[in-house]
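*Asks:* Have a look at the structure that comes next, please.
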Amino acid sequence: MNTKAVYAACLFAALNICTLSARAEAEVTPQTYTYGTHLDIQKVVSLTQDTGPSCGIVNARLTYLDSQGKTQALNYSKFSDDCHEGN
């Protein structure tokens, strides 16, 4: 087997792994945070927030891996990152 074929097979395998992890993240049903929600966060994958007023409450989502390696998502409310005065 020549080296070009080996490199192509490795590239194809890497792309498939990336595609599977992206699909797994897209298929996660987010949980809505309430006071007392048990959080099992091993690693944060991403933090996003809705665009909103320059300063105010916005919806946000935390995507993370739990201690079992499963992708989880959590919706919550927070002050916008644009709030700088007194916060």
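The values are calculated or read from the model by the stated rules, or taken from the named source; none is laboratory data. Please read these numbers as outputs of a predicted model, since none were measured by experiment. Every residue, glycine as well, gets a Cβ built from its backbone with ideal geometry; the counts of neighbours run over all protein chains shown.
*Asks:* In segment 13-47, which residues are among the β-branched types (Val, Ile, Thr) and modelled with pLDDT under 90? Show your work before the answer.
*Replies:* Looking only at segment 13-47, we keep the residues that are among the β-branched types (Val, Ile, Thr), and these are 17, 19, 28-29, 32, 34, 37, 41, 44-45.
Correct list: Ile17, Thr19, Val28, Thr29, Thr32, Thr34, Thr37.
*Asks:* Can you pull out every residue in segment 34-51 that is in contact with a Ser or Thr (Cβ under 9 Å, 6 or more places away or on another chain), assigned to a strand (DSSP E or B) and not polar (S, T, N, Q)?
*Replies:* Val44, Val45, Leu47
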